[in-house]
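Notes for the one structure printed next.
Throughout, read-outs are computed from the coordinates displayed, never taken from laboratory work. Please read these numbers as outputs of a predicted model, since none were measured by experiment. Please note: Cβ atoms are built from the backbone with ideal geometry, for glycine as well, and neighbour counts cover all protein chains shown.
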Amino acid sequence: MIKYDTFYIQCPKCGAWLEGHLVKSEMVNKSILYSDGKTLNDNYITEPQKIIACPSCSHWFWVEEYKEPVVTYKKPDVPYYNWNHWRFFGIHFNSVEGRLALVEHYKQCLQAIDNDKDKELYVRRLMWWAYNDLVRNNYQMHLNYLFSGKMSFNVWRKNRKKQKLGRIMFKKLHDEYVDNMKALLVLVKGRYTPDDEEYEASILEIIELYREMGEYEEAQKILDTIPRRTHYIAHIEKEVKKRHDFVFLVAG
Ligand SMILES: [Zn+2]
C-alpha cells in the first residue's frame, strides 16, 4: 500500500519540476522520537523541508507549506527531478560524509535567509539535528543491540565503524555545534510565550539544549519547575543527573 502522497513543485526561477512525497500520517506504522525532538515516521523525517536548492539551476527557495497552489498533485507533462535529487539537497544521508555535507548546506542556508528570525530558528534547529545525526544512533554500537537481533553481525560491525567515525567528526565540530545551540537557544527563548501552542514543547527544547550544551544546572532548574513527569521528561532528567550531553533515543 502506498504510504505517501506524491506532489510536484516548480522552481520559481528556472521552472524545473521537482517531485516529492508527503507521508500519510494515518498510514504510519512506526514512529521514532529522539531527545532533540527529531521524529521519524517510517524513517521519514516529520519536519517538512522548507528550503529547497533547485537541482537544475541551484536557486534556493523557501516553501512554507506543502499545500496547493504551491504544490500540485497533477503530474507534469515534462520530465521532472525525483525526490532524491533535492531532498536534503541531494545528499546521501546514510553516510558520515553525507551528514557532514548536510551541516554545510545549513550553514549556507543561514546566509541565504537574511535576518528572518523564524527562518533562522527553523534552519538552526535542523542544523542542530544534523550535527546530532553524526552520533544519533550511537546506541547501535553497543553489544546488547547486536544481541537484540536487529542487525546481523556483519551489518552491526560495519555500522559500528560508521558510528565511530561519526563520533570522531562530532567531537571535531563540537565548538561550532555548541555555537549553533547557543544561537538557537536565544531564538527559542524569544519566540514562544505561554499563549503559543508550541510553548510547552519549547520548554522541553530549552532543557534539552542546556543539557546538550553541558549546562546541567540550568537544565535542572527548569526541570524543577515542571510538575508533570512524562516518560520523556523523566528520561531527560536522568541524563541530566548523569551529566550526559549526547542526544538519545526516547522511543522507537
Ligand atoms: Zn531552478
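For this structure, a couple of remarks:
- Bridgeable aspartates and glutamates around Lys50 (alpha carbons under 17 Å apart, same-chain partners fewer than 8 residues away excluded): Glu19, Glu64, Glu65, Glu68, Glu104, Asp114, Asp116, Asp118, Glu120.
- Net dipole in debye of the stretch 1-90 [+1 Lys, Arg Cβ; -1 Asp, Glu Cβ; about Cα centre; nearest 20]: 120
- Listed pairs Lys3/Lys38; Lys30/Lys119; Lys13/Lys107; Lys67/Lys107; Lys67/Lys119 exceeding 24 Å between Cα atoms: Lys30/Lys119; Lys67/Lys107
- Approximate spin-label separation Val178-Lys221, in nm, with each point projected 7 Å along Cα-to-Cβ: 1.8
- When cysteine pairs in the chain are screened for C-beta atoms closer than 4.7 angstrom, the residues that find no partner are Cys109.
- Pairs of Lys residues in the stretch 137-213 that lie 8 or more places apart, or on two chains, and have C-alpha atoms under 18 angstrom apart add up to 10.
- His59 long-range amide H proximity, modeled H, under 5 Å: Cys54
- Pairwise FRET efficiency - Lys13 versus Leu249, Cβ, R0 = 35 Å, nearest 0.05: 0.30
- Each of Leu204, Pro76, Tyr216 was placed along the dipole of the chain (beta-carbon charges, centred on the mean Cα), and the one lying farthest toward the positive end is Tyr216.
- Among Met141, Met27, Met151, a tally of other beta-carbon atoms within 10 Å of each Cβ gives an order, fewest to most, of Met27, Met151, Met141.
- If only the Cβ of Lys and Arg carry +1 and only the Cβ of Asp and Glu carry -1, the dipole of the chain around its Cα centre is close to 1400 debye.
- Euclidean distance between Cα centres, the stretch 172-212 to the stretch 1-64, Å: 24
- Neighbours of Tyr210 by Cβ distance under 9 Å: Lys/Arg scored +1, Asp/Glu scored -1, total -3.
- For the chain, the 222 nm mean residue ellipticity estimated from helices alone, with every DSSP H stretch of n ≥ 4 adding -39500 (n - 2.57) and the total spread over all residues, rounds to -14500 deg cm²/dmol.
- Measuring how big the chain is from its alpha-carbon positions, Rg and Dmax come out at 19.3, 59 Å.
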